[in-house]
Amino acid sequence: HTFREIRRVLKPGGRFYFLEHVAARRGTALRKVQRLIRPLWSALGDGCQPDRETWSVLETAGFSRLEYEHFTMKIPITGPHIAGVAVK
């Protein structure tokens, strides 16, 4: 995965700052829309998936410290975001 490679190339104590759109909460109408448009979105967006739970991937990438927060931007489809820092 990309995040494991980022962790690999960071020097000890190195930080990776991120801002990423993520999946809406499960069971919401927006999450259903994200899932519905995923094939077209992915084809046009070089594999980008609007319903990816990126925080789960970050949590399993092996960083020594991970801090992030969820927030929503006023952007259709990709409003849910996370921002934070991962430390090797």
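Bear in mind that the values in this text are calculations on the coordinates, not laboratory data. The structure displayed is predicted, hence computed values, not measured ones. When we count neighbours, we look across all protein chains shown, and the Cβ atoms used for this are built from the backbone with ideal geometry, even at glycine.
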Is it the case that region 21-33 has a residue that's surrounded by 12 or more Cβ atoms within 10 Å (Cβ to Cβ), in contact with a Ser or Thr (Cβ under 6 Å, 6 or more places away or on another chain) and not β-branched (V, I, T)? yes
Qualifying position, being of a type outside the set (S, T, N, Q) and either without any contact (Cβ under 8 Å) to a residue 12 or more places away in the chain or buried (at least 16 other Cβ atoms within 10 Å of the Cβ) (or both), among E53, E5: E5
Does region 11-66 hold any residues that are in a helix (DSSP H, G or I), of a type in the set (S, T, N, Q) and farther than 16 Å from G79 by Cβ, and which are they? S42, S56
Check E59, E67 and return the single one that is out of contact with any helix residue (DSSP H, G or I) (no Cβ under 6 Å at 6 or more places or on another chain) and either among the aromatic types (F, W, Y) or surrounded by 11 or more Cβ atoms within 10 Å (Cβ to Cβ) (or both). E59
